[in-house]
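A.B. asks: One structure follows; several queries about it will come next.
The values are calculated or read from the model by the stated rules, or taken from the named source; none is laboratory data. Model, not experiment: these values are computed from the prediction. Cβ: placed from backbone, ideal geometry, glycine included. Neighbour counts: every protein chain shown. Areas reflect the complete protein model, heavy atoms only, side chains present, ligands, DNA and RNA absent. Shrake-Rupley method; radii C 1.70, N 1.55, O 1.52, S 1.80 Å.
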Amino acid sequence: VEQESRLFSKIATRSDMGRAKGAITNRRKRVEREQVSYKYAEEKFEVFKEDPFFWFGVALYWAEGAKKSSAFQFMNSDPKIIELMTIWIEKFLGLDRNTNIFYRLYIHHVYSHENCEDYWKKYLRIVQSQMKKTIFKPTNHLFKKNPEYKGCMRIEVSGIRYFQYIDSWQKMLANKVKMG
């Protein structure tokens with residue numbers, strides 16, 4: 001409150017005042033949304049904490065998930081891990097793989113003729129609309145080093161709240177392990 005008063009006293013024009021009030025209001029609303037997400041994550045943690053598969057997904061995301069963006073994104077080249085994380089998302093985030101979960105393949109151009117997108121769609125049992133545009137990574141190699149390699153698949157879930165849930169669960173996991 002004291003900082004807000006000082007800020008407003010320094011603002012000269014009404015438009016600047018309006019922008020400042022809007023920014024403060026938006027920040028308050030964001031903090032409130034984060035608190036609601038954290039409360040929900042706490043409640044679900046109590047429900048899920050005895051399920052080893054829950055711990056598996058939280059730890060796996062901690063190791064392989066996105067941390068710099070505020071979006072739930074998980075990447076791996078192992079199809080079994082991608083499938084397990086998809087099942088985890090369905091079970092613990094309550095999302096449907098064919099409507100709420102999206103996938104993006106990252107692969108070197110040398111593999112482009114193999115149509116790895118079809119391999120992943122079949123393996124994951126997803127439809128084309130779930131696949132985002134493939135990203136071809138630069139490489140100096142002209143031949144395949146690993147014949148079994150089908151690229152790295154990234155799982156993407158829209159909605160910041162899902163990232164907030166997993167972030168909260170990681171902290172709760174760390175506290176639980178630390179406390180014993």
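A.B. asks: For the stretch 167-176, state whether one or more residues are open to solvent by 80 Å² or more (accessible area, probe 1.4 Å) and not in a helix (DSSP H, G or I). Lay out the reasoning, then the answer.
C.D. replies: Narrowing the stretch 167-176 to residues open to solvent by 80 Å² or more (accessible area, probe 1.4 Å): 171, 175-176.
Then keep just the ones that are not in a helix (DSSP H, G or I); that gives none.
Checked against the condition, which is being open to solvent by 80 Å² or more (accessible area, probe 1.4 Å) and not in a helix (DSSP H, G or I), the stretch 167-176 yields no hits at all.
A.B. asks: Something else about it: Give me the pairs, please: first residue somewhere in the stretch 29-47 and within 11 Å of residue 166 (Cα to Cα), second residue anywhere and open to solvent by 100 Å² or more (accessible area, probe 1.4 Å), beta-carbon distance under 7 Å, and either six or more positions apart or on two chains.
C.D. replies: Partner pairs satisfying both residue conditions: 37/161.
A.B. asks: Determine whether the stretch 30-43 contains at least one residue that is touching a strand residue (DSSP E or B) at 6+ places or on another chain (Cβ under 8 Å) and modelled with pLDDT under 95.
C.D. replies: Kept after step one, since they are touching a strand residue (DSSP E or B) at 6+ places or on another chain (Cβ under 8 Å), are these residues of the stretch 30-43: none.
No: zero hits.
A.B. asks: Quick one: how many residues across the stretch 149-175 are over 16 Å from the mean Cα position of the chain (by Cα) and among the aromatic types (Phe, Trp, Tyr)? Spell out the reasoning first.
C.D. replies: Narrowing the stretch 149-175 to residues over 16 Å from the mean Cα position of the chain (by Cα): 149-151, 172-175.
This time we only want the ones that are among the aromatic types (Phe, Trp, Tyr), so: 149.
Result for the stretch 149-175: 1.
A.B. asks: Look at the stretch 131-180 and say how many of its residues are β-branched (Val, Ile, Thr) and closer than 30 Å to residue 109 by Cβ. Show your work before the answer.
C.D. replies: To start, the set of residues in the stretch 131-180 that are β-branched (Val, Ile, Thr) comprises 134-135, 139, 155, 157, 160, 166, 177.
Applying the additional criterion that residues be closer than 30 Å to residue 109 by Cβ yields 134-135, 139, 155, 157.
Residues flagged as β-branched (Val, Ile, Thr) and closer than 30 Å to residue 109 by Cβ within the stretch 131-180 amount to 5.
A.B. asks: Answer yes if at least one residue in the stretch 87-99 is among the acidic types (Asp, Glu) and within 20 Å of residue 55 (Cα to Cα), and no otherwise. Write out each step before concluding.
C.D. replies: Initially, the stretch 87-99 is screened for residues among the acidic types (Asp, Glu), giving 90, 96.
Narrowing the set further to residues that are within 20 Å of residue 55 (Cα to Cα) leaves 90.
Among the residues of the stretch 87-99, at least one is among the acidic types (Asp, Glu) and within 20 Å of residue 55 (Cα to Cα), which makes the answer yes.
A.B. asks: Within the stretch 64-100, which residues are part of a helix (DSSP H, G or I), of a type outside the set (Val, Ile, Thr) and modelled with pLDDT of 95 or more? Even if it seems obvious, please write down each step before you answer.
C.D. replies: Of the stretch 64-100, the ones part of a helix (DSSP H, G or I) are 64, 79-93.
Next cut, of a type outside the set (Val, Ile, Thr) only: 64, 79-80, 83-85, 88, 90-93.
Once the filter is applied, which keeps residues that are part of a helix (DSSP H, G or I), of a type outside the set (Val, Ile, Thr) and modelled with pLDDT of 95 or more, the stretch 64-100 yields 79, 80, 83, 84, 85, 88, 90, 91, 92, 93.
A.B. asks: Just checking, which of 132, 121, 91, 150 is surrounded by 12 or more Cβ atoms within 10 Å (Cβ to Cβ) and touching a residue at least 60 places away in the same chain (Cβ under 8 Å)?
C.D. replies: On the way: 132 fails: touching a residue at least 60 places away in the same chain (Cβ under 8 Å); 121 fails: touching a residue at least 60 places away in the same chain (Cβ under 8 Å); 91 fails: touching a residue at least 60 places away in the same chain (Cβ under 8 Å).
After ruling out the rest, the residue left standing is 150.
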